[in-house]
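Student: Below are the structure tokens for one structure; questions will follow.
The values are calculated or read from the model by the stated rules, or taken from the named source; none is laboratory data. The shown structure was predicted, so the numbers you read here are calculated from the model rather than taken from an experiment. Backbone-built Cβ (ideal geometry, glycine too); neighbour counts: all protein chains shown. The area values use the complete protein model at the heavy-atom level, side chains included, leaving out ligands, DNA and RNA. Shrake-Rupley method; radii C 1.70, N 1.55, O 1.52, S 1.80 Å.
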Amino acid sequence: LDYLHSLNTKVSIFNKKAAAFITSAAIFSASTGAFAEFTDISSDSWYSDAVQFMVDSGYMNGISDTEFAPDAGMTRGMFVTVIGRMDGANTGEYTKAIFPDVPITQWYAPYVNWALEAGIVTGFSDLHFYPDEQITRSQLAVMIKRYLDYRNIVLPVNPNAYDSYTDEAYIAEWAKEGADLMRTTGIITGDDYGNFMPDSLATRAQIAVTIMKLRAVINGETLEIPQRKERSKAEILLEGMTLKDKVYQMFMVSPEQITGVQAATMAGVTTKEAVTKYPVGAILYDSKNILESEQ
């Protein structure tokens, strides 16, 4: 279990760094304001209209003239730039670095400084901003909420909004107000089952759709809220399981392996305690365990 966790962490870090490099290095390679024929986006994809809107508006570009990378994550530095472009922020006055990891020579630095002054972002406890870290869905919601507060914009509640996200209990306290605003306005409805997925990384496609919806609501439109799918009993059970539970469920073992007895011929208190401690997927009884037909 420790090995799997370590491996997962290493893969996650690698993916973050790789996507951050792709996004940061190539963000200005496509021409602003002109919709390129992106080879990685089909016209019938759920985000194609949003990508068209973002490129036409000059808020986002592709990572090249032919690629948008819809499933890649977006860095904190790039998202602040998107918000700043949407706002039409005057960043010419910002000529000095504020964060030690955001040198003023970086293309996103003036927008980071503007966002800090506007109260849209804050640094971390070590006074760094970490511009190349990918933004989570929780951070996305909070930054949008702070931007609206900065502009004194009060969004109307969508009458068809969900009463709650399916995974409401997993949203951190610091993100609740932002997530709640996304839910009540319908800007972020989550996955097909209404899960907000607070700790998931926000993809470029998701951010494009979110910003397009945000602009629509600011302009007085009422968004259509999709019908949530009903989850199966298996999906509900799976959602409530820890990683440890899921790993144990993959094992089928003999009763001796979890009870420590030499040969189990009955399932009693010891077995019950063992299964509680080690919730395996199945216990296999064979001829050494079954001595009589009554068993």
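Student: Using the structure shown, select from 176/233; 176/244; 244/272; 244/277; 145/213; 145/176 the pairs with a Cα to Cα distance greater than 21 angstrom.
Tutor: Check vs 21 Å cut-off fails for 176/233; 176/244.
Student: Let me ask something additional. How large is the accessible surface per residue of segment 241-295, computed with a 1.4 Å probe and reported in Å² as a whole number?
Tutor: Value returned for segment 241-295: 75 Å² of accessible area per residue.
Student: In a shell of Cβ-Cβ distance under 9 Å around residue 60, excluding residue 60 itself, what net charge do Lys and Arg (+1) and Asp and Glu (-1) give?
Tutor: +2
Student: Taking only protein heavy atoms and a 1.4 Å probe, what accessible area per residue, in Å², does segment 152-201 have with all protein chains in place?
Tutor: Here the residues of segment 152-201 average 52 Å² of exposed surface.
Student: Helix 76-87 against the longest principal axis of the chain: what's the angle in degrees, Cα atoms only, rounded to the nearest 10?
Tutor: Tilt relative to the chain: about 40 degrees.
Student: Follow-up. Fully extended, how many nm does the chain gain between residue 294 and residue 244 (0.36 nm per residue separation, minus their Cα-Cα distance)?
Tutor: So the chain would gain 14.5 nm between residue 294 and residue 244.
Student: In nm, to one decimal, how far is the modelled label at residue 257 from the one at residue 97, with both set 7 Å along Cα→Cβ?
Tutor: So the label points at residue 257 and residue 97 sit 5.5 nm apart.
Student: From the phi angles alone, apply the Karplus equation (6.51, -1.76, 1.60; θ = phi - 60°) to segment 242-251 and give each ³J(HN,Hα) in whole Hz, x where the residue is Gly or Pro.
Tutor: After applying 6.51 cos²θ - 1.76 cosθ + 1.60, I find 7, 4, 4, 4, 5, 5, 4, 5, 7, 9 Hz.
Student: In addition: In 10 Å bins starting at zero, report the fraction of Cα pairs in the chain per bin as a rounded %.
Tutor: Pairs per bin, as whole percents: 6, 22, 28, 19, 10, 8, 5, 2, 0.
Student: Next question. Is it possible to state the helix-based mean residue ellipticity at 222 nm for the chain, with each DSSP H run of 4+ residues giving -39500 (n - 2.57), the sum divided by total residues, to the nearest 500 deg cm²/dmol? What is it?
Tutor: The helix-only estimate for the chain comes to -12500 deg cm²/dmol at 222 nm.
Student: When only DSSP loop residues count, what trypsin sites (Lys or Arg not before Pro) in segment 201-264 have their Cβ near at most 16 other Cβ atoms within 10 Å?
Tutor: 228, 229, 231
Student: Moving to a separate point now. Give me the angle, in degrees from 0 to 90, between the Cα long axis of helix 176-185 and the longest principal axis of the Cα atoms of the chain, rounded to the nearest 10.
Tutor: That helix lies at roughly 70 degrees to the long axis.
Student: Provide the packing ranking of 250-261, 171-182, 74-85, i.e. peptides ordered by the mean count of other C-beta atoms within 10 Å per residue, highest first.
Tutor: Result, highest mean Cβ count within 10 Å first: 74-85, 171-182, 250-261.
Student: Next question. In nm, give the distance between the simple-model label positions of residue 45 and residue 218, each being 7 Å from the Cα along the Cα-to-Cβ direction.
Tutor: It is 2.4 nm.
Student: Over segment 251-295, what percent of the accessible surface lies on carbon and sulfur atoms, probe 1.4 Å?
Tutor: On the way: 1930 of 3330 Å².
Of the solvent-accessible surface of segment 251-295, carbon and sulfur hold 58 percent.
Student: I need the peptides 138-148, 156-166 ranked by packing, meaning the mean over residues of other C-beta atoms within 10 angstrom, with the highest value on top.
Tutor: So the order, starting with the most tightly packed, is 138-148, 156-166.
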